[in-house]
Amino acid sequence: MFAKTSMQICLKRWPGILGVLTVALAYSITFAQSDRKFQKPSFPATTTEKFDPSTVPAYARSHIKAYAYIDSNLARHNEHLRRWVRQRSISAQNDGVQQMAAMLRDDLKELGFKEAEVVPTSGHPGVWGYYDAGAAKTLAVYMMYDVQPVEPTGWQVDAFAGAIVDHPLGRVLMARGATNQKGPERAFLNAIEAIIKSGEGMPVNLMVLAEGEEELGSPHYPELIGKYADRLKSASGVLFPFNGQGPDGAVTMNLGVKGIVYFELEARGNPGGGPKTAEVHGSLKAITDSPVWRLNQALASLTSPDGNTILVPGYYDSIRKPTQEEERLVNGMLVSWTEREAMMRQGLGVDRWVDGISGRDSLMRYLFDTTLNIDGIWGGYTGPGVKTILPHMATAKVDSRLVPNQTPDEALRLIRVYLDKKGFTDIVLRKISGYPPAQTSVDTPLVRSMIGTYNKYGMIPSVAPRLAGSAPYHVFTDTLKLPLVAGGLGHGSGAHAPNEYMVIEPKAGSKVAGLADIEKFYVDMLFALSSAR
């Protein structure tokens, strides 16, 4: 009571700037107290030990017949990649999805898969394929055939023309899906063709299970896993074909992924205030609540003013500390990360990381910290000129990248409880998709055989415990208890953005692999995986 009375007296006696400063000071004290309650997790080092991938023996065998087949069929193999990216398959818009599923099925049949079929789900279909090589070991292959929507501006070429264009890195395939993930996946199938048709002989049986909803958060992929679970459990592991090189040719190998929860927050006019059925004249703001302001206040309440600390109670609590293995991996990749992060920022058009961090601090946050990110927000009129309205609704799409041991449902529960306690009970929260993080140990034979294949090509990888992005690996690592490895040679960039590309013919002197070496790497990798112990 005394503090309140004193502030009132100050504001009455010294109005203007002193009043503003007093209010600002009171707010800063309140936030500072709040911020201390919600400190981001810290990750102090507990070991100096490093994982050294160069100690893994390089894969020693050569497969001359398959290599020669690739060299003599390279132009046709390039056309396979172009054919795939020309087929639209935008899952968010259900644009070409069925046709792409059929194309993948038909390509598997052409390669000699004994089983190849489009598999219905409650959403977009999956594709199942089984190649019986009569081998002792079976490898499962995760694929996605869908792509992100295309931006209306910013593309140098038609996003679905499959154009080969000049680029500072050489000749590239520039198209939606070029690197995420149609390019590397079709290159992998080219390698399978080379092994089979050259007479080299497939070293493993293959189970392909592709989805058409990865860009939607894989909501129905568990249905596909459930349908083939008993057969998939007989596999020795799972492979995800992936362009693993950066623009400088350096290889990063990720042993897992962050999880994700994707949701919408929506404010509408309701009995508590605001227009309920349609926009109204902007002059009515004098006496009418605004759902747009309501949504913005709700969003702002979730984080600190800079957007970098999540203020939802308990949101950080379940995050576990890095394991000894993870710390060894981080220590082993720290030099590479430090050398490349300036180049990363330049490529992204970002001047500085949060709080000006760098080196180990930025690497640990990138790999081990959770996020809360607004993907898009809209409401009312956003066209040219003037339209003075008070909208009746506003919506935001939000994602949170989850780290061990966070789960999507618990993250949403915490957010819902917090919004309700802050008085935002009217804000609608809709879960769109979500799944937990996943990871495979570096000590599994599957992973070590992949590292050995990189070492054969003189591309000693930087091995990371996880990718900061997300993929539904948990259905393999957690549900089926199978190790999963993602990788391959090749470089691409621009995923989800204009001018997405994959290098096909690198410039002279580049360490980035061209299509021929990408395919030869996949050949070696399959043989290496077949002999993994």
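Since every read-out is calculated from the coordinates, none of them should be taken as a lab result. Please read these numbers as outputs of a predicted model, since none were measured by experiment. A quick note on method: Cβ atoms are made from the backbone with ideal geometry, for glycine too, and the neighbour counts reach across all protein chains shown.
Using 0.36 nm per residue and subtracting the Cα-Cα separation, the extra length available between Ser283 and Glu325 on full extension is 9.0 nm. Arranged from fewest to most other beta-carbon atoms within 10 Å of their beta carbon, Glu266, Glu327 become Glu266, Glu327.
Scattering from segment 124-197 was approximated by placing one identical point on each alpha carbon and applying the Debye formula without solvent; log10 I(q)/I(0) at 0.12, 0.16 1/Å stands at -0.49, -0.76. Going toward the positive end of the dipole of the chain, with +1 on Lys and Arg Cβ and -1 on Asp and Glu Cβ, which of Leu446, Met333, Leu104 do you reach last? Checking the options against the dipole of the chain, the answer is Met333. In a DSSP loop and with at most 15 other Cβ atoms within 10 Å, the trypsin sites (Lys or Arg not before Pro) in segment 419-461 are Lys422. Per-residue Cβ neighbour counts within 10 Å put Glu325, Glu211 in the sequence Glu325, Glu211, beginning with the fewest. Angle of helix 221-232 to the longest C-alpha principal axis of the chain, folded into 0 to 90 degrees and rounded to 10: 30°.
Global size of segment 460-512: 15.0, 45 Å for Rg and Dmax (C-alpha atoms, Rg to one decimal, Dmax whole).
Working from label points 7 Å from Cα in the Cα-to-Cβ sense, the Trp378 to Asp420 distance is 3.1 nm. Sorting the segments 369-378, 76-85, 383-392 by their mean number of nearby beta carbons within 10 angstrom, highest to lowest, gives 76-85, 369-378, 383-392.
Taken over segment 152-268, the percentage of Cα pairs per 5 Å bin, counting from 0 up to the bin with the maximum distance, is 2, 7, 11, 16, 18, 17, 13, 8, 5, 1, 0, 0, 0. The Cβ shell under 11 Å around Tyr67 holds other residues with a net charge of -3, Lys and Arg each +1, Asp and Glu each -1.
Cβ crowding within 10 Å ranks Asp361, Asp399, Asp166 as Asp166, Asp361, Asp399, fewest other Cβ atoms first. Treating each Cα of segment 221-365 as an identical point scatterer and ignoring solvent, apply the Debye formula and state log10 I(q)/I(0) at q = 0.09, 0.20 Å⁻¹. Calculated log10 I(q)/I(0) at the listed q: -0.59, -1.33. Seen from every direction in turn and averaged, the convex hull around the alpha carbons of segment 412-456 projects onto 5.5 nm². Shape index of segment 205-275: Rg/Rh, with Rg the Cα radius of gyration and Rh the Kirkwood radius from the inverse mean 1/r over Cα pairs, equals 1.20. Among the listed pairs Lys456/Lys520; Lys50/Lys321; Lys109/Lys197; Lys182/Lys431; Lys40/Lys321; Lys65/Lys197, which are separated by more than 19 Å between their Cα atoms? Over 19 Å Cα-Cα: Lys182/Lys431.
Sort 110-121, 236-247 by packing, meaning the average of other beta carbons within 10 Å per residue, with the highest value first.
Highest-to-lowest ranking by the protection proxy: 236-247, 110-121.
Among the trypsin sites (Lys or Arg not before Pro) in segment 486-528, those placed in a DSSP loop whose Cβ has at most 14 other Cβ atoms within 10 Å are Lys507.
The residues packed around Gly314, meaning those with a beta-carbon under 10 Å from its beta-carbon, carry a net charge of -1 if Lys and Arg are +1 and Asp and Glu are -1. Put simply, the convex hull of the Cα atoms in segment 342-467 casts, on average, a shadow of 13.1 nm². Placing unit charges on the Cβ atoms only, positive for Lys and Arg and negative for Asp and Glu, gives the chain a dipole magnitude near 1060 debye about its Cα centre. Seen from Pro391, the other residues with C-beta closer than 14 Å to its C-beta sum to a net charge of +2, counting Lys and Arg as +1 and Asp and Glu as -1.
The charge dipole of segment 412-527, taken about its Cα centre with unit charges on the Cβ of Lys, Arg, Asp and Glu (plus for the first two, minus for the last two), comes to roughly 500 debye.
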